[in-house]
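Working notes, structure below.
The values are calculated or read from the model by the stated rules, or taken from the named source; none is laboratory data. On a predicted model such as this, the values are computed, not experimentally measured, just so you know. Every residue, glycine as well, gets a Cβ built from its backbone with ideal geometry; the counts of neighbours run over all protein chains shown. SASA here: full protein model, heavy atoms, side chains in, ligands and nucleic acids out. Shrake-Rupley method; radii C 1.70, N 1.55, O 1.52, S 1.80 Å.
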Amino acid sequence: MVTSTLINKTGMVQPSLIALVAACSLSLMACSITETEKAEAANDASKSPVVVQPLPEHDIAMQRQLMDSKSSAQKAAIAAPASPALIQTRTRMALPSSAVQYDVGRNNEIYQHLVDNGVLRVSEQPVSTFSADVDTASYANVRRWLEQGQLPPKDAVRTEELINYFHYQYGPASSLDKPIAVDTLLTPSPWNDHRHLLRIGVNSYQPDPSQRPAANIVVLVDVSGSMRANNKLPMVKQSLRLMLSRLQADDRMAIVTYANGAKVALPSTSADDQLTIGQAINGLAAGGSTNGGAGIELAYQQAQQGFIDDGINHILLMSDGDLNVGVTNLDDLKQHIEIKRQQGVHFSTIGFGQGNYNDELMEQLADIGNGMAGYIDSLHEAQKLLVDQLGSSLQVVAHDVKLQVEFNPEVVAEYRLVGYENRQLARADFNQDGKDAGDMGAGHSVTAIYELTLVGEPTTIEPLVFQRLQENTGVDQQTAAEIRVRYKLHQGQASQLLKQRINLTEMTPTAKLKQDDQFAFAVAAFAQKLRHSDYLANIDYAELTDWANQNKGLDPFGYRAEFVGLVRLAASLDARLTAVDQQHIADPSNHRENRSRTALVTLNP
């Protein structure tokens, strides 16, 4: 390959040749890549285990903020979201003159650009509304980045998914007829002496696994050439073998594959027939382009043929998300998934691999299909997602779960919701049963954290001069907020409403916090640090490590201990970045940051 001559034996790109690489890249952007070239590149990657070498020092510096040295116009050009056509057709888009696109081998992953929730003044916007989210893809993906020796791109970090990766011991829901329980906590903020945290925990009912309805599962597997790498299709096959061990006797499973076209690799088969299913899994092989549209349509046909009335009907898409053929209109695809969801077929996505991973598309499809978005980077994650939590993923006990918080301006001056940036709903959506929201499976827990500025504490936003608060003597002056949760027992039914108020007299001192809550706050702080949040500027990784390590609590499978290790790893990577910046090893113009849709290398200051 041409680029191999530009890399020395240490793996470092020759600095003097960066401009040459850029020129070549810009020329190639106008050219299409043949299927043979794609297959050859994927085949080369699959010949040896996936090993990520430590980044050279100049590469490390390039992970720093891209925007620092740019003009306002350049910042707007770089940060602006690309057209949906980038997702629909994978066409190379025109980039700003100061940047070029990374090649797939380096980073061509796609993430939705998220703007952190800001501080809002209660007197102006007293109500906050958002959808529940049980996805965990972001946590596993962030772990993959860290374990490969790199801090993750900011937009790869969805704070709520890191928090909700862990289960918390909130009060249990009582039954399938009352499947939701709400738990609240008000406590001083551990990262700001002038703030408090409101923690809302929502737990769903966990029935006995033997009570789970029969499941009609269609596994939709991407077997295109891009899936040849060891952490893609081979990992898919290993994951499916693990899942097979958890299926019940009355479950059925079908496998649909897609590459240049789509085919049924396994018609709907009883889970008892593990030999036949195992042979179909073993026979999966990668090659060709990625006709995801045809695969999705055929998967729905299989789901409809095996449809179980009053049972579970679910499609699991396993892919790197790189749909480059057959999806000419993403909106049409989303509408198709929405219609099928209303007919009782849920759609989940599980991501694999790196380099060309389309996180944005995988999350969007799962969201529309009322499924979950997961990511598998190891067999340990496959065990967690497809064995330990398979029942939660398949059996929905509460549909369209929405949360709404109304703050009392006599008690709370300002608030900031931590995470859930792409789960925001309009205030009116809360009472509209036709508005879709996230579902909660059996035994799921959802945690939301608000940072509050109480009246009398220093505020971030100056109050409006020509506005006067209306007196509301009907509200207890000690009530901080009212929390409302809506959910449906079944699709198409009227929603149920839960209400709960939290009072200043219920304030829990830091010393009396449960380890569960301390750990959740540590995860929230870590996610915000990874997103370079100014609100966490006074907390360093060493403090986070001690904080999380001292509050692991009950950790039967070691997930929380693993988290502590990730914080320590992030601390080392961040320290290395800081050292490089201080020593001015790299040209400050050569910083990189994976923004919403592409990873860019700046060539000019």
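A count restricted to the range 143-182 and to residues that are surrounded by fewer than 18 Cβ atoms within 10 Å (Cβ to Cβ) and not in a loop (DSSP other than H, G, I, E, B) stands at 1.
Would you check which residues across the range 183-226 are open to solvent by 10 Å² or more (accessible area, probe 1.4 Å), more than 26 Å from ALA522 (Cβ to Cβ) and not basic (Lys, Arg) and list them? Those that are open to solvent by 10 Å² or more (accessible area, probe 1.4 Å), more than 26 Å from ALA522 (Cβ to Cβ) and not basic (Lys, Arg): TYR205, ASP208, PRO209, SER210, GLN211, PRO213, ALA214, VAL223, SER226. The numbered conditions (1) within 24 Å of the chain's Cα centre (by Cα); (2) over 18 Å from SER348 (Cβ atoms) are all true for LEU240 except (2). Counting the residues of the range 343-369 that are in a loop (DSSP other than H, G, I, E, B) and closer than 18 Å to ALA382 by Cα gives 4.
Taking each residue of the range 333-354 that is of a type in the set (Ser, Thr, Tyr) and looking for partners that are open to solvent by less than 10 Å² (accessible area, probe 1.4 Å) with beta-carbon atoms closer than 6 Å, six or more apart or interchain, yields SER348/LEU316; SER348/ALA366; THR349/LEU317; THR349/MET362; THR349/LEU365; THR349/ALA366; THR349/ALA373.
Number of residues in the range 255-285 that are assigned to a loop (DSSP other than H, G, I, E, B), open to solvent by 30 Å² or more (accessible area, probe 1.4 Å) and touching a residue at least 12 places away in the same chain (Cβ under 8 Å) equals 5. Being under 23 Å from VAL405 (Cα atoms) and polar (S, T, N, Q): is that true of GLN500 here? In short, yes.
Identify, please: which residue in the range 487-517 is in a helix (DSSP H, G or I) and touching a Gly at 6+ places or on another chain (Cβ under 8 Å) and is, among those, least open to solvent (accessible area, probe 1.4 Å)? Break it down into steps so the answer makes sense when it comes.
Just the residues of the range 487-517 that are in a helix (DSSP H, G or I), to begin with: 504-506, 510-512, 515-517.
Now restrict to residues that are touching a Gly at 6+ places or on another chain (Cβ under 8 Å): 515-516.
Values: GLN515: 85, ASP516: 28 Å².
Ranking the qualifying residues of the range 487-517, first place goes to ASP516.
Determine whether the range 299-321 contains at least one residue that is open to solvent by 10 Å² or more (accessible area, probe 1.4 Å) and over 25 Å from ASP250 (Cβ atoms). No, there is no match, as no residue in the range 299-321 is open to solvent by 10 Å² or more (accessible area, probe 1.4 Å) and over 25 Å from ASP250 (Cβ atoms).
Per the conditions (1) of a type in the set (D, E, K, R); (2) surrounded by fewer than 18 Cβ atoms within 10 Å (Cβ to Cβ); (3) within 30 Å of GLN477 (Cα to Cα), the sole criterion not satisfied by GLU414 is (2). I'm told ILE296 meets every condition in (1) crowded, with 18+ Cβ neighbours inside 10 Å; (2) assigned to a loop (DSSP other than H, G, I, E, B); (3) β-branched (Val, Ile, Thr) except one. Can you identify the failing condition by its number? Checking ILE296 against (1) crowded, with 18+ Cβ neighbours inside 10 Å; (2) assigned to a loop (DSSP other than H, G, I, E, B); (3) β-branched (Val, Ile, Thr), the one that fails is (2).
Might you let me know whether the range 535-548 holds any residue that is touching a Lys or Arg at 6+ places or on another chain (Cβ under 6 Å) and either in a helix (DSSP H, G or I) or open to solvent by 70 Å² or more (accessible area, probe 1.4 Å) (or both)? Within the range 535-548, one or more residues are touching a Lys or Arg at 6+ places or on another chain (Cβ under 6 Å) and either in a helix (DSSP H, G or I) or open to solvent by 70 Å² or more (accessible area, probe 1.4 Å) (or both).
Scanning the range 417-434 for residues that are open to solvent by less than 10 Å² (accessible area, probe 1.4 Å) and of a type outside the set (A, V, I, L, M, F, W, C) yields a count of 2. I need the full set of residues from the range 183-193 which are of a type in the set (A, V, I, L, M, F, W, C) and outside any strand (DSSP E or B), in order please. Of everything in the range 183-193, just one residue is of a type in the set (A, V, I, L, M, F, W, C) and outside any strand (DSSP E or B), namely TRP191.
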